[in-house]
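Just below is one structure, and these are the notes that go with it.
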Amino acid sequence: MPTLRDLDPGDRGTVTGYVADDPPGRLLEMGLLPGTLVEVVRRAPLGDPIDLKIRGFHLSIRKHEAAAILVERVPAS
Amino acid sequence: MPVSVTTVPQRIALAGNPNVGKTTLFNLLTGLRQKVANYPGVTVERKSGRLAGDGPATGAEVVDLPGTYSLNPKSLDERVAYDVLVGRMPGEPVPDVVVCVVDATNLERNLYLVTQILDLGLPVVVALNMMDAAEAAGLEVDADGLADRLGVPVVPIVARDGRGLEALRQALAEVPAPPDRPGWTLMPAVAEVVDRLAAQLTDEVPDLPPRRARFEALGALTSDPLLAPWKERAPGFHAAVLQARAALEERKVPYRQAEMMGRYGWLGPLVQSVVTRHKDPSEATLSDRIDAVLTHKVAGPILFGGVLLLIFQAVFSWATPAMDAIEAGVVLLGQGVRAVMPDGWLEDLLVEGAITGVGNVLVFLPQILLLFFFLGLMEDTGYMARTAFIMDRLMRRMGLSGASVVPLLSSYACAIPGIMAARTLANERDRLITIMVAPLMSCSARLPVYTLFIAAFIPSGALFGVLGYQGLAMVALYVLGTVMAFVAAWVLKTFVFKGDASMFVMELPPYRLPRLRQVFWRMIDRAKAFVVRAGKIIFGLSIVLWFMASFPQADPDPLLEARREQAEATFTARLDSIAAAEGLSAAEVITRGPMEAVQAADAERQAVLDAVAAEEAGRQIRQSLIGRIGRAIEPVMRPLGFDWKISAGILSAFAAREVIVSTLATLYSVGEDDGEPVMLREALKADRYPDGRPVYTPLVAVSLLVFFVFALQCMSTLAIARRETNTWKWPAVMWLYMFALAYGFSLLVYQGGQALGWG
Ligand SMILES: Nc1nc2c(ncn2[C@@H]2O[C@H](COP(=O)(O)OP(=O)(O)OP(=O)(O)O)[C@@H](O)[C@H]2O)c(=O)[nH]1
Ligand SMILES: [Mg+2]
């Protein structure tokens, strides 16, 4: 299963779970929960961090954290 | 909760996620002008004011809190909000009512915190803010439906223009009933454990209401920092929590995620039922399209560099006309005072001390205002948060984080808010490093020094006809400080603060049109602060300095006296010989003698008298207290190319940098025989050593500038660093390493330059 890190800018996915048992609590509080639709909007000019769109707002996190979140790709409609 | 239903609130707290408009609303409610800007983490400490207007609750204390995403604080600013809301702020009772400010365009995440505050059991009024933005985004929010579902009053408002304020005031006229517990539920396996732990906690701490005990039990179960304080207060509970955790882990229950899943699980359908979308949410907004350019892989960094270059160039060149006008005004004022006041030491004190000292610093006000104007634009549009996004990777290499960018950029204005802003950094190591290097960013108090010496000693030509050398020199100084901040951060990360890697989780707010009125007021406030500072500190210091420069008075030098008498004697002799030649009496020669010869003789006399007076003034200032001090430390500063006056200036600038400008102005003014207020720039250029060499060569100027880039000459910075780190150790280290850098690099510049034959 891919992680959020594997998505390219423009891709969308649904969170399915976490790689480790103890994902960063702050990300969960921000709403990155199983079932949530995430869009990777872009990467920062130096490749890291990435800009996500979730629940109607933009959240920027590092690839390192993105790699902790399992996603299922949502085919472009 | 022992709160009767009809009391008037005495204490109202504003809580909510970062950047939702809490401070905008606070300013509206209290009539104050606290800082508002479009990035998360503007407010980092509790601010308090009184409810304005007329209504039952008028005069109640209103407390603005830092933004927080949850009641599980991750950084110091969030901790402040948490402490106030749960009543752990020492000496502060819990608020009577909490106004939960929520962003209507982003309800789900905003309501997460609201459900936590509802769990606490405090009376709540929800202020549904940014209704204008919601409308623009095609969102229709059913406020009454939301009030129904949450069980608390919900008032739609637009804090930016005051819509809905009256309704909110009415909702605050009396304390609403404490809300019922919101209907979200934990997964059964965890709920059961929390109930058990809550019961145990109530046993151990009987004065805790049951609902509150449940809140604390859930927090302690899922968060280490929230568990820690119970170790002393309720050791049995503490042990039970650890046991419960082990048991849940054994059974593979994801208890740490239970709270988020429970709350969001309840909020999802709730928000669905009260929000109607009239636009496709996946459509790119204007803000998204702006971002496509400003954070573009290639264009983004170039634009960022361009913006900074533009700011520094503009600060240097656009301010010139206004600065010239102020400078001329100061000179005129000095001459005016000279004209109307009787001669004497009081007149000297006023003109040479106060007017010259304060005036020469006030000259730089236009530059400082321009700097604040541009930084204000960056903050208000939302660009500031993007700079963090763009810079994070680079900053991480240096031992910082993207989240350090906002504190560091703020430090270009002043290190004090910069150091405070570091509270938003969740990682303690990142926060300490950011604090330690923030004073290396050139703050606005260095501007007067930079400008004075650049204007005097850097040629005014332009590279390729557009990039002025002086502007470039200015940029170079800012770059020097910034690069050194990065280097220092890297050294600190590598050798001093070892610690775990940090996270970077930052919300990127939508771009908003800057509110010029806001930027304007911030400039006015800044101008006031600057003038008051000039008026108080610099005025006082200038007077002290004038005394130190004027006393003790030097004994008359017999040699100079002799020269003066000699000049008078020569003059009389010349007149006598002219009289003899013309056959006139000594008295007649002045009125009837040959004009040319008499005038020549007089001019000769005057020249000698002037030279003697200048030498006496110079002698006086060398003999004065400040002269003695300056000469005492001159040997230490000599290797950097500094004479005793510069040395005295640097010494006086240790409390505040810009003081060197007024010190030099006073020194040169007292040192002038006629005591006119001097054009400091000209006086610097004209100053000579006794052997005729100029005191300031361009090399000396560069050495001095480098010294000011690095040296930490600011008491307030040390004081705030002490407060934010809770020890004198770090401020002391900060001062020492920056002084070492200043001395070392100035030495290198001056000695190296001399070795290369540059002056
Ligand atoms: N469109 C719109 N913008 C608003 C409204 N209220 C506030 N803003 C803007 O939102 C941004 C954040 O406002 P602040 O008042 O600083 O927010 P805050 O909640 O105090 O932020 P922190 O102190 O960082 O937690 C600013 O750019 C405001 O101008 C509103 O009703 N509508
Ligand atoms: Mg605020």
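Rule-based calculations on the coordinates, nothing more; no lab input. Because the structure is a prediction, the values reported are computed rather than measured. FYI the Cβ positions are ideal-geometry reconstructions off the backbone, even for glycines, and counts take in every protein chain you see.
Can you tell me the 0 to 90 degree angle between the C-alpha axis of helix B:469-491 and the longest principal axis of chain B, rounded to 10?
The angle comes out near 50 degrees.
Within 10 Å of each Cβ in peptide B:258-265, how many partner chain Cβ atoms are there on average? Round it to a whole number, please.
Counting Cβ atoms of other protein chains within 10 Å of each residue's Cβ and averaging gives 4.
Hull surface divided by four, with the convex hull built on the Cα atoms of the stretch B:188-252: how many nm²?
About 3.9 nm², averaged over all directions.
For B:Ser716, project a label point 7 Å along Cα to C-beta. Then give me every residue of the stretch B:445-476 with its amide nitrogen under 18 Å of that point.
B:445-450
How high is the relative contact order of the stretch B:555-710, given as a whole-number percent (alpha carbon pairs under 8 Å, six or more residues apart)?
The value is 16 percent.
Normalised radius of gyration for the stretch B:11-171, please: alpha carbon Rg relative to 2.2 N^0.38 Å, two decimal places.
My calculation over the Cα atoms of the stretch B:11-171 gives 0.94.
Using Cα centres only, tell me the gap between the stretch B:97-134 and the stretch B:404-427 in whole Å.
28
Based on other C-beta atoms within 10 Å, arrange B:His296, A:His58 from fewest to most.
B:His296, A:His58
What FRET efficiency do you get for B:Glu45 and B:Asp610 if R0 is 51 Å and r is their Cβ-Cβ distance, rounded to the nearest 0.05?
Computed FRET efficiency for B:Glu45 and B:Asp610 comes out at 0.30.
Quote the relative contact order of chain B in percent (integer), defining contacts as alpha-carbon pairs under 8 Å separated by 6+ residues.
Computed over chain B, the figure is 11 percent.
Length gain on complete extension for the stretch B:Ala580 to B:Ala456, per 0.36 nm per residue less the alpha carbon to alpha carbon distance?
My answer for the length gained is 39.5 nm.
From the square roots a ≥ b ≥ c of the eigenvalues of the alpha-carbon gyration tensor of the stretch B:51-123, which class results: rounded (a/c under 1.5), prolate (a/b over b/c), or oblate?
oblate
Where does the stretch B:149-235 land on Rg/Rh, using Cα atoms and the Kirkwood Rh?
1.14
Given charges of +1 on the Cβ of Lys and Arg and -1 on the Cβ of Asp and Glu, with all other atoms neutral, how large is the dipole of the protein assembly as shown about its Cα centre, in debye to the nearest 20?
Rounded to the nearest 20 debye, it is 2180 debye.
Among B:278-286, B:159-167, how do they line up from the highest to the lowest mean number of other beta-carbon atoms within 10 Å?
Order by mean packing, descending: B:159-167, B:278-286.
Considering only DSSP beta bridges whose two residues both sit in the stretch B:11-171, what percent are antiparallel, to the nearest 5?
The answer is about 20 percent antiparallel.
Report the extension gain between B:Ala199 and B:Glu140 in nm, rounded to one decimal, defined as 0.36 nm multiplied by the number of residues separating them, less their alpha carbon distance.
My answer for the length gained is 17.0 nm.
From the Cα gyration tensor of the stretch B:658-759, with a ≥ b ≥ c the square roots of its eigenvalues, which class applies: rounded if a/c is under 1.5, or else prolate if a/b is larger than b/c, or else oblate?
oblate
Cα axis of helix B:320-340 to longest principal axis of chain B: angle in degrees, 0 to 90, nearest 10?
Between the helix axis and the principal axis of chain B, the angle is about 50 degrees.
Using helices alone, what [θ] at 222 nm do you get for chain B, with -39,500 (n - 2.57) per DSSP H run of 4 or more residues, divided over all residues and rounded to the nearest 500?
Per the formula, -19000 deg cm²/dmol.
If I stretch the segment between B:Ser282 and B:Glu166 completely, what's the gain in nm (0.36 nm per residue apart, minus their alpha carbon distance), one decimal?
38.3 nm
If all Cα-Cα distances of chain A are sorted into 5 Å bins from 0 onward, what percent lands in each bin, rounded to whole numbers?
3, 17, 32, 29, 14, 4, 0
Take each of the peptides B:685-696, B:508-519, B:105-116, average the number of other beta-carbon atoms within 10 Å over its residues, and list them starting from the highest.
For the peptides B:685-696, B:508-519, B:105-116, the packing ranking is B:105-116, B:508-519, B:685-696.
Can you give the net charge of the other residues whose Cβ lies under 10 Å from the Cβ of B:Arg512, counting K and R as +1 and D and E as -1?
So the environment of B:Arg512 carries a net charge of +1.
With a sphere of radius 13 Å drawn around the Cβ of B:Leu349, what net charge do the other residues whose Cβ falls strictly inside it have (Lys, Arg +1; Asp, Glu -1)?
Once positives and negatives cancel, what remains is -3.
So what are the three principal axis dimensions of chain B from its Cα atoms, in whole Å, longest to shortest?
If we take the Cα atoms of chain B, the spans are 125, 56, 55 Å.
Towards the positive end of the charge dipole of the protein assembly as shown, with charges on Cβ (+1 Lys, Arg; -1 Asp, Glu), say which of B:Ala159, B:Leu394, B:Gly757 has the farthest Cα.
So the residue we want is B:Leu394.
Give the Rg/Rh ratio for the protein assembly as shown, taking Rg as the radius of gyration of the Cα atoms and Rh as the Kirkwood radius, to two decimals.
Dividing the radius of gyration by the Kirkwood radius yields 1.10.
Among the DSSP beta bridges whose two residues both lie in the protein assembly as shown, what percent are antiparallel, rounded to the nearest 5?
Rounded to the nearest five, the antiparallel share is 65 percent.
For the stretch B:71-213, calculate the relative contact order in percent as a whole number, restricting contacts to Cα pairs under 8 Å that are 6 or more residues apart.
Relative contact order of the stretch B:71-213: 21 percent.
Can you tell me what share of the DSSP beta bridges in chain B is antiparallel? A percent to the nearest 5 is fine.
So the antiparallel bridges in chain B amount to around 40 percent.
Below 13 angstrom from the Cβ of B:Ala721, what's the summed charge of the other residues (Lys, Arg +1; Asp, Glu -1)?
+4
Average partner chain C-beta neighbours within 10 Å, per residue of A:17-29?
Mean shielding count: 5.
Can you give the mean number of other chain Cβ atoms that lie within 10 Å of the Cβ atoms in peptide B:386-393?
5
How far, in degrees from 0 to 90, does helix B:365-381 lean away from the longest principal axis of the Cα atoms of chain B, to the nearest 10?
With both axes taken from Cα atoms, the answer is about 20 degrees.
I need two numbers for the stretch B:441-533: Rg to one decimal and Dmax as a whole number, Cα atoms only, in Å.
Reported Rg and Dmax, both Å: 19.3, 50.
If r is the Cβ-Cβ distance from B:Gln754 to A:Asp21 and R0 is 45 Å, what FRET efficiency results, to the nearest 0.05?
The computed FRET efficiency comes out at 0.10.
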